[in-house]
Amino acid sequence: MKKIVVTGGAGFIGSHIVEMLLERYPQAQVTILDKMTYATNIRSILHLASNPRVQLIVGDICEMYTSQKAVKDADLVIHAAAESHVDNSFGNSLEFTRSNTLGTHTLIEACRVLKVPRIIHVSTDEVYGEIISGSVNEDAPLKPTNPYSASKAAAEMVVQGYLQSFNLPVVILRANNIFGIRQYPEKIIPRFMTQLMKGEKLTLHGSGKNTRHYLSAHDLMKAMILLIEKGKIGECYNIGTVEEYQNIEMAHMICGLFGLPPKDHIIFVDDRPFNDARYAVDWSKISALGWKPQSSVRTELPKMAQWYADHFDLYNTGLPMRRPLANAA
């Protein structure tokens, strides 16, 4: 491959994708198309932006000219750009539909017109909605329950329409909650870590007993390589993990990194308008290609806490900082 495009490549998941591509395909040029919203920080991706094999285009995928400029002559497009914080979607739902649904439509139309030969569409397990028990495979109906997951499900419907009408060469992946460094501290793990670093208490929605599966960004990258090289055009693949924790359990683990008693550092706040109790996917389909998760969130938490301590000024200025315990890392 000579040219690969990553939308949202300056963000959390996108930056890990770019790192993976640069290592896996040493002859390829990588173009990042990113709107550079509040959740991105150029300082956190300087090691990528300064690489001579990387081109950064600051622009909006909703603009056809910008999308066409980015994907022209691309051998592969990985669409990872999205508004992704569920809390924000309740108060700003139209922006989620614009970015996630219209943005996807604009991008894949650009890919169609310019005949991009392979596309990876990054979706989410949340499109299945709440899964109280067991797990669902890729044939389960999409039953989104909030504006974020609805916008992602709508994006998938557009992709499926293009797949049927135009034989769009696309592979869809739906992944569990992703964790890793460079994630903006609005998601639960970095938010809890930075709250404790700032001397604040952890805030839990409702009872804190909602559960989530946690998938390492590194494991997601290994799955993505498989889908780039072996994924079947027109297919969806769940990317999952066996690690499942209640939000309150995660709060307790993170308090432990700082040597703090959870009972003194956790407060409960009003729940979301609707808060899914659980998501769970069956990932046997990609397992058949030879993939399985290898990282553990429990093992990785100390390293993540150390990274956020070392990069505290990326997200906070002029504030004192409490550091995690030295032996936590």
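Annotations
- Shape call, the range 48-87: gyration tensor on alpha carbons, a/c limit 1.5: oblate
- Extension gain for the segment K263 to H205, taken as residue separation times 0.36 nm less the Cα-Cα distance, is 19.3 nm to one decimal.
- Cross-link table K2/K115; K35/K209; K2/K72; K187/K263; K198/K222; K152/K232, entries beyond 23 Å C-alpha to C-alpha: K35/K209; K198/K222
- Cα-based radius of gyration for the range 126-283, normalised by 2.2 N^0.38 Å, reads 1.17.
- Label positions at K292 and K69, each projected 7 Å from the Cα along the C-beta direction, are separated by 4.7 nm.
- DSSP-defined antiparallel bridges as percent of all bridges, the chain, nearest 5: 10
- Packing-based order for 260-268, 92-100, using average beta carbon neighbours within 10 Å, highest first: 92-100, 260-268
- Label-point separation in nm, Q55 to E23, each point 7 Å along Cα→Cβ: 2.6
- With a simple spin-label model that places each label point 7 Å from the Cα along the Cα-to-Cβ direction, the separation between K303 and H85 comes to 2.6 nm.
- Point-charge dipole on Cβ atoms (K/R +1, D/E -1) for the chain, about Cα centre, debye to 20: 620
Bear in mind these aren't lab numbers, they're just calculated from the coordinates by the rules spelled out. Predicted model, so just to flag it, every value in this text is computed and none were measured. Every residue, glycine among them, receives a Cβ derived from its backbone with ideal geometry; neighbour counts consider all protein chains shown.
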